[in-house]
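Q: Just passing along the structure, written as structure tokens.
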Amino acid sequence: MTLAARQTALVDYYAIIPDPQERLSLIISRSGSLPALPAEDQTDAHLVHGCQSRVWITCRHAEGLCHFRSHAESPLVRGLVALLCELHDSLPPAEILGTEPTLLEALGLTRQLSPTRLHGLASVRNHLRQLAATPPQP
């Protein structure tokens, strides 16, 4: 599934909830069911700079696709970062680098978040792009 198609599917999934605050609660809740990032990966090497809350993201390149895992100290940030990782997971690097997602705007979440949180999420998006652009180590 392409990034654009996945974005449409996620918007359709969450848009059935009319209240953006309730939508955000579901995103936070749903992130709790995702596999946890092992503690040994929660290191400075995987830390996302530019976030108010500490966020770690790893990327494994396999068969031409990027596979992301994440963790954040704040439940709100953990949910939002997990949503962005879900959007980008199992896609080829070129698609991640060539497509700018509008998921948060489409879900009406940008109006619910502070400028500091939005800046942090932009840092997460940039970090995902950097990880996708980094070739796998032999």
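Q: Give the angle, between 0 and 90 degrees and rounded to the nearest 10, that separates the Cα long axis of helix 75-88 from the longest principal axis of the Cα atoms of the chain.
A: Helix 75-88 sits roughly 60 degrees off the main axis of the chain.
Q: Moving to a separate point now. From the protein chains alone at 1.4 Å, what is the descending order of accessible area for R111, R23, R54, largest first? Write out the running numbers ahead of the final one.
A: Working: R111 185, R23 25, R54 120 Å².
In descending accessible area the options line up as R111, R54, R23.
Q: If D44, D19 are ordered by their accessible area, calculated over protein heavy atoms with a 1.4 Å probe, which sequence runs from highest to lowest?
A: Working: D44 120, D19 65 Å².
Listed by decreasing accessible area, they come as D44, D19.
Q: Now a separate question. Report in % the part of the accessible area of the stretch 41-138 that belongs to carbon and sulfur, leaving out ligands and nucleic acids; probe 1.4 Å. It would help to have the intermediate numbers written out before the result.
A: Numbers: 2540 of 4860 Å².
So the carbon and sulfur contribution to the accessible surface is 52 percent.
Q: Over the chain, give the accessible area per residue in Å² for a 1.4 Å probe, as an integer.
A: Numbers: 7300 Å² over 138 residues.
Value returned for the chain: 53 Å² of accessible area per residue.
Q: Which cross-chain or sequence-distant (5 or more) residues have an amide H under 5 Å from the amide H of C66, H modelled 1.01 Å from N in plane?
A: Placed amide hydrogens put S90, L91 under 5 Å from C66.
Q: Nearest 10 degrees, 0 to 90: what angle lies between the long axis of helix 20-31 and the longest principal axis of the chain (Cα atoms)?
A: Relative to the chain, helix 20-31 is tipped by roughly 40 degrees.
The values are calculated or read from the model by the stated rules, or taken from the named source; none is laboratory data. If you're wondering where the values come from, they're calculated on a predicted model, not measured in any experiment. Quick note on the areas: whole protein, heavy atoms, side chains included, nothing else; ligands and nucleic acids left out. Shrake-Rupley method; radii C 1.70, N 1.55, O 1.52, S 1.80 Å.
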